[in-house]
Amino acid sequence: MNKEELELRKKSPVQIKNKKASFEYFFVDEFTAGIVLTGTEIKSIRAGKASLVDAYCFITNGEIWVRGMNISPYFYGSYSNHEAKRDRKLLLTRREIHKLEEGTKAVGFTIVPTLVFIDQNGRAKVDIALAKGKKVYDKRQTMKEKEDRREMDRAIKHY
């Protein structure tokens with residue numbers, strides 16, 4: 001990822017993060033994927049009504065899907081409203097899907113979505129990561145580092 005892409009993500013009006021994923025996993029490799037949505041789903045995402053908690057990705061027949069991603073039904077949608085927790089197809093190149101598939105064959109690796117954002121063209125994108133699960137002591141270490149950073153920030157603000 002280059003600096004321009006990072007700047008565009010920061011400017012995105014919608015940034016739905018999976019905070020639990022960074023606590024539970026080490027990210028080995030990251031990808032940005034498009035996502036296939038219906039009309040009311042994109043409207044709900046633009047309104048910020050989505051969640052990545054407990055979401056994960058899986059590969060089937062050379063296609064990558066996200067399961068467990070919750071997009072709330074659109075308030076103004078009528079009979080054409082979408083199902084909140086359906087499987088949604090992600091758009092990646094064949095080479096990227098193959099790389100992810102090879103990575104998940106190792107024990108302890110999975111694919112998790114980390115961020116949903118709207119790009120400069122108005123399309124919804126998902127950042128996914130090939131991730132390795134953390135052990136309990138790794139999680140404790142992460143919590144300790146976060147707490148230390150917080151204390152240092154407080155100390156700097158007081159001076």
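The values are calculated or read from the model by the stated rules, or taken from the named source; none is laboratory data. Keep in mind the model is a prediction, meaning the values are calculated, not measured. Cβ placement follows ideal geometry from the backbone for every residue including glycine, while neighbour counts extend to all protein chains displayed. For the accessible areas, the whole protein counts, side chains as well, though only heavy atoms, and no ligand, DNA or RNA atoms are used. Shrake-Rupley method; radii C 1.70, N 1.55, O 1.52, S 1.80 Å.
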Once the piece of chain linking TYR76 and LYS105 is laid out straight, how much longer is it, given 0.36 nm per residue of separation minus the C-alpha distance between them?
-> 6.2 nm
Magnitude of the charge dipole, segment 58-144, Cβ model with Lys/Arg +1 and Asp/Glu -1, debye to 20 = 400 debye
Sum of side-chain charges, ASN81 neighbourhood, beta-carbon under 11 Å (Lys, Arg +1; Asp, Glu -1) | -1
Can you sort GLU83, GLU101, GLU41 by 1.4 Å-probe accessible area, starting with the largest?
-> GLU83, GLU101, GLU41
Of ARG95, ARG9, ARG88, ordered by accessible area with the largest first and a 1.4 Å probe, the sequence is ARG95, ARG9, ARG88
Would you calculate the separation in nanometres between label points at ALA84 and ASP119, each defined as 7 Å from the Cα along the Cα-to-beta-carbon direction?
-> 3.0 nm
Could you pull out every residue, at least 5 positions away or on a different chain, whose amide H is within less than 5 Å of the one on HIS82? Hs are placed 1.01 Å off N in the peptide plane, and Pro or chain starts have none.
-> TYR74
If every Lys and Arg gets +1 and every Asp and Glu gets -1 at its Cβ, then about the Cα centre segment 35-97 yields a dipole, in debye to the nearest 20, of 120 debye
Across every pair of different alpha-carbon atoms, what Kirkwood hydrodynamic radius in Å does the chain reach?
-> 17.2 Å
Heavy-atom accessible area per residue of segment 1-158, all protein chains kept, 1.4 Å probe, expressed in Å², is 66 Å²
Whole-angstrom gap from segment 113-130 to segment 28-84, using each part's C-alpha centre = 10 Å
Grab the other residues whose beta carbon is less than 14 angstrom from that of GLY48, score K and R as +1, D and E as -1, and report the net.
-> +3
Cβ-placed point charges (K, R +1; D, E -1), dipole of the chain about Cα centre in debye, nearest 20 | 380 debye
Taking H placed 1.01 Å from N in the peptide plane, check which residues at least 5 places from VAL14 or on another chain put their amide H under 5 Å from its amide H.
-> ILE118
Rounded to the nearest 0.05, what FRET efficiency do ARG150 and ARG46 have when you use their Cβ-Cβ distance and R0 = 35 Å?
-> 0.60
Go through ILE16, ILE59, PHE27 and say which Cα lies farthest out towards the positive end of the charge dipole of the chain; charges sit on Cβ, +1 for Lys and Arg, -1 for Asp and Glu.
-> ILE16
Report, in deg cm²/dmol and to the nearest 500, the calculated mean residue ellipticity at 222 nm for the chain, where each DSSP H run with n ≥ 4 adds -39500 (n - 2.57) and the sum is divided by the residue count.
-> -11000 deg cm²/dmol
How far apart, in nm, are the 7 Å Cα→Cβ label points at PHE23 and PHE58?
-> 2.5 nm
